[in-house]
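**Q** My structure is below; once you've seen it, I'll send some questions.
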Amino acid sequence: MRATDKQPRTSPLVPDVVAREIARHDWNSIDCGCGRPAGHLVDTLWDAAEGHPAAFRALEGHAFHTGVLRPPAPAVCGVLMAVWAAGPPRRLTREALLWALLRLLGAEDDGSSYEAGLYGQCAAHIRAGAPGLRETAARCPGSESAAYAEGILSLLDLAV
């Protein structure tokens, strides 16, 4: 099978809304933080959506690198927030997801005039999920998930 004939990936573990969010982006037209087209991130995002904690950490060097956001960050953030809204079931998956969101918000914008700025776009995606972040912080005080959620809310200047 040629690469152009490749069937879209599916998984019973990935809600349709997450699959649609991954599919709606033209990943190959986005320059990745590693210097290649970002199309190679699709498999990583599917792995993340299936609940593999390591996939979230694998976004380092691609969506963010050395404390700076890279061009795929807003699209990646949109996918991560779709996963968040779908409610990742396992604690380790939730913690890895929250870690990635915190890393995105803790990074600097790349300084480009790309649309609303990479940081602004990421922050807008994450702000939409603020109620769930507040709930996580309140439901599990003292947990790693709560600490990540509180850090995210703090960076967005939203009270817990």
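**Q** Kindly establish whether residue 116 is out of contact with any His (no Cβ under 9 Å at 6 or more places or on another chain), free of Cβ contacts under 8 Å to residues at least 24 places away in the same chain and not in a helix (DSSP H, G or I). Spell out the reasoning first.
**A** Details: out of contact with any His (no Cβ under 9 Å at 6 or more places or on another chain): yes; free of Cβ contacts under 8 Å to residues at least 24 places away in the same chain: yes; not in a helix (DSSP H, G or I): yes.
Against the criterion (out of contact with any His (no Cβ under 9 Å at 6 or more places or on another chain), free of Cβ contacts under 8 Å to residues at least 24 places away in the same chain and not in a helix (DSSP H, G or I)), residue 116 qualifies.
**Q** For segment 121-153, what are the residues that are under 26 Å from residue 71 (Cβ atoms), open to solvent by 30 Å² or more (accessible area, probe 1.4 Å) and free of Cβ contacts under 8 Å to residues at least 40 places away in the same chain?
**A** 124, 127
**Q** What number of residues within segment 75-90 are touching a helix residue (DSSP H, G or I) at 6+ places or on another chain (Cβ under 6 Å), open to solvent by 10 Å² or more (accessible area, probe 1.4 Å) and not hydrophobic (A, V, I, L, M, F, W, C)?
**A** Total satisfying the criteria: 1.
**Q** Let me ask another. Can you work out which of the residues in segment 94-118 that are open to solvent by less than 30 Å² (accessible area, probe 1.4 Å) and either over 12 Å from the mean Cα position of the chain (by Cα) or over 19 Å from residue 46 (Cα atoms) (or both) is modelled with the lowest pLDDT?
**A** Among those that are open to solvent by less than 30 Å² (accessible area, probe 1.4 Å) and either over 12 Å from the mean Cα position of the chain (by Cα) or over 19 Å from residue 46 (Cα atoms) (or both), it is 117.
**Q** Sticking with this one: Scan segment 66-81 and tell me whether some residue there is among the charged types (D, E, K, R) and under 14 Å from the mean Cα position of the chain (by Cα). Break it down stepwise before answering.
**A** Applying the first criterion (among the charged types (D, E, K, R)) to segment 66-81 yields 70.
Keeping just the survivors that are under 14 Å from the mean Cα position of the chain (by Cα) gives 70.
There is at least one residue in segment 66-81 that is among the charged types (D, E, K, R) and under 14 Å from the mean Cα position of the chain (by Cα).
The values are calculated or read from the model by the stated rules, or taken from the named source; none is laboratory data. Predicted, not measured: the structure shown is a model, and the values here were computed from it. Note that we place each Cβ from the backbone using ideal geometry, even for glycine, and neighbour counts take in every protein chain shown. Quick note on the areas: whole protein, heavy atoms, side chains included, nothing else; ligands and nucleic acids left out. Shrake-Rupley method; radii C 1.70, N 1.55, O 1.52, S 1.80 Å.
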